[in-house]
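Novice: Quick one: this structure, given as structure tokens, is what I'll be asking you about.
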């Protein structure tokens, strides 16, 4: 049996969305609370990207932590902890010929780090 045998009840788009959503949830709950400062921001973004790219069907990951929020928070201390509003992430998943992009982005109007399907 292969992994695909467990997803026969989903079409390719639904499966790509499922894989993106699982990866996005894992990313959020794994990295919120991680210590970060301006010196470690890039290496943390790279680590997040590398770890999420290991997930099934993930073909690309773009991670940007909000530089202004980190800089502001580290004026008072040598580091801060990652919060949901710092994430600006896109995960591209692909099943066969179907690709989708899931995102997490802080939406100011909602005052919330929203996870959504972009494409």
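Novice: Would you mind calculating the gained length between residue 12 and residue 30 on full extension (0.36 nm times residue separation, minus the Cα-Cα distance), in nm to one decimal?
Specialist: Details: separation 18, 0.36 × 18 = 6.48 nm, distance 2.67 nm.
Once the chain is fully extended between residue 12 and residue 30, it gains 3.8 nm.
Novice: Percent of alpha carbon pairs in the range 1-81 separated by more than 19 Å? Walk me through the numbers before you get to the answer.
Specialist: Details: 1567 of 3240 pairs.
When all Cα pairs of the range 1-81 are counted, 48 percent exceed 19 Å.
Novice: Next question, about the same structure. Just need log10 I(q)/I(0) for the range 37-116 at q = 0.13, 0.15, 0.16, 0.19 Å⁻¹, Debye formula, equal scatterers on the alpha-carbon atoms, no solvent, rounded to two decimals.
Specialist: For the range 37-116 at q = 0.13, 0.15, 0.16, 0.19 Å⁻¹, log10 I(q)/I(0) is -0.46, -0.59, -0.66, -0.85.
Novice: Now, a different point. Roughly what angle does helix 41-52 make with the longest principal axis of the chain, taking Cα atoms, 0 to 90 degrees, to the nearest 10?
Specialist: Helix 41-52 and the main axis of the chain meet at about 20 degrees.
Novice: Taking only Cα atoms, what is the 0 to 90° angle, nearest 10, from helix 12-31's long axis to the longest principal axis of the chain?
Specialist: Orientation of helix 12-31: about 30 degrees from the principal axis.
Novice: Among 31, 18, rank each residue by its count of other Cβ atoms within 10 Å, from fewest to most, as a rough exposure measure.
Specialist: On the way: 31 22, 18 18.
Neighbour counts put them in this order, fewest first: 18, 31.
Novice: Now a separate question. According to a simple spin-label model (label point 7 Å from Cα along Cα-to-Cβ), what is the distance in nm between residue 114 and residue 68?
Specialist: 1.9
Each reported figure results from applying straightforward, stated rules to the coordinates on display, with no laboratory input. Keep in mind it's a predicted model, so treat the numbers as computed, not measured. Quick reminder, even Gly has a Cβ in these numbers, built from the backbone with ideal geometry, and neighbours come from all protein chains shown.
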